[in-house]
1. For a quick check of understanding: with a 1.4 angstrom probe and all protein chains in place, what accessible area in square angstrom does Phe85 have, to the nearest ten?
2. What does the extension gain come out to for Arg297 and Glu58, with contour length at 0.36 nm per residue minus their alpha carbon separation?
3. Can you give me the Cα centroid spacing of the stretch 68-103 and the stretch 1-39 in angstrom?
4. Suppose R0 equals 45 Å; then what is the FRET efficiency for Leu380 and His242 from their Cβ-Cβ distance, rounded to the nearest 0.05?
5. Less than 11 Å Cβ to Cβ from Arg30, Lys/Arg counted +1 and Asp/Glu -1: what total charge do the surrounding residues give?
6. Net charge near Thr204, counting Lys/Arg +1 and Asp/Glu -1 over other residues with Cβ under 14 Å of its Cβ?
7. Calculate, for the chain, the solvent-accessible area per residue in square angstrom, rolling a 1.4 angstrom probe over the heavy atoms of the protein chains.
8. Taking the square root of 5 times each eigenvalue of the Cα gyration tensor, what semi-axes in Å does the equivalent ellipsoid of the stretch 350-420 have, largest first?
Amino acid sequence: MKKVIVIGGGAAGMMAAITASEYGAETTLREKNAMLGKKISITGKGRCNLTNQCSIPELIKNIPGNGSFLYGAFHRFSVDDTMSFFHSLGLPLKVEQGRRVFPTSDKAYDVLDVLKKRLRQLDVKLEYNAPDNQLVLQQDLQSGSSYVVGLKTEKGFLPADAVIIATGGMSYPATGSTGDGYRIAELAGHLVVPPRPSLVPLETKEAWVEELSGLSLRNVAVRAYVKEKVLDKGFGEMLFTHFGVSGPVILRLSHAVCNTFFEAPKAEITIHINLKPALSKEQLQSRIQRDLDRYSRKYFANSLDDLLPQSLIPVIVRLSGIDPEKPANQITKEERNCLTELLQDLTVHVKGTRPIDEAIVTAGGVSVREINPKTMESKLVSGLYFAGEVMDVDGFTGGYNLQAAFSSGRVAGMAAAGKL
């Protein structure tokens, strides 16, 4: 019977431990916290969006950070396999808008409970409050290659035929994701691509943004530019904050923004917001003219109530350069054109991102070039495996990151137990 140690009790780690045990390994799961799955319990705003019911090409497309590396893992343990797995554990699921999959109960703790129950059924040894993990390696005298023989821990030496590192990234450090796995991997000779935020709010330069703090806008079209080049674009909901911009569509764009800053820290990045994407320029001009005619006896500043949220009006009026006390019926065609362009191209300059500990997902991590995609085993050290966000793999929100964790954890667990 093979002895397998899994470091990290999150989604990837629990799946790896369950799988290794199901395939006959004597399995130990070591977690630095006093409980398993702290990050699972807060994902999806406490509802746990555990996968996305889409095809493998779509999965990879929505994991822009080395998603193609997981092609084999997704084939071996697909979205359907993930859903079947949870159904087999007695967890009813439902599919919502955007093909996002949630537990029917809308409770992330139900996902965590069935995983913990399965670990207990399989007699996986659980070790809590176990932050100290140092790989013990030996060298094959003939080949010169290294292989795992166990861990040096606070309890002493723990022998193992295989060790799976599933410690997560560096986002949400309160859940235990503090980069421990990177240090273990580096000591084993692995390259760690510098960790950085992937899905994270953006800080902007404009002072007026703070005036709009708390304002949420729906159905806006947003583009991110570096100089004249489009980095990415999206459509959906955004939020103004005291430091800049956030919300689902901004978080999606932030992946490209973060990568650009990583490669060029002084890059000039702008976010262009179309507040009225459903209207053409001509249609919006006509709409503005109708409002100006309707409120012809009012000042310009009081003629936009039907067009914009109340808190946005003073900012738009100021940015337009139009006298707020100018009668609505005296607004010129040139001023109306200026207002149209402003509403369809409201621009902010990005000065940076929020810190990595505020990110939903970490980019960077153990280089996938040094990991076998068929088994998740290290190409440098035999018996060493990786699963989940500790690797240089990151996706958008929508269940893609958890599917990556489950698939890579499943493959690592099978391979560590000697079944791949």
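1. Accessible area of Phe85: about 20 Å².
2. Values: separation 239, 0.36 × 239 = 86.04 nm, distance 5.35 nm.
Computed gain between Arg297 and Glu58 is 80.7 nm.
3. Their Cα centres are 19 Å away from one another.
4. Numbers: r = 45 Å, r/R0 = 1.01.
That gives a FRET efficiency of 0.50.
5. Details: positive: Lys32, Lys125, Lys155; negative: Glu31, Glu127, Asp132, Glu154, Asp180.
Taking every Cβ under 11 Å from that of Arg30, the sum is -2.
6. Working: positive: Lys205, Lys351, Arg354; negative: Glu203, Glu206, Glu210, Glu211, Glu268.
Summing Lys/Arg as +1 and Asp/Glu as -1 gives -2.
7. Values: 18730 Å² over 420 residues.
Counting only protein heavy atoms, the per-residue value for the chain is 45 Å².
8. On the way: eigenvalues 145, 39, 13 Å².
They are 27, 14, 8 Å, listed from largest to smallest.
The values are calculated or read from the model by the stated rules, or taken from the named source; none is laboratory data. On a predicted model such as this, the values are computed, not experimentally measured, just so you know. Note: ideal-geometry Cβ built from the backbone for every residue, glycine included; neighbour counts use all protein chains shown. Accessible surface areas use protein heavy atoms only, side chains included; no ligands, DNA or RNA. Shrake-Rupley method; radii C 1.70, N 1.55, O 1.52, S 1.80 Å.
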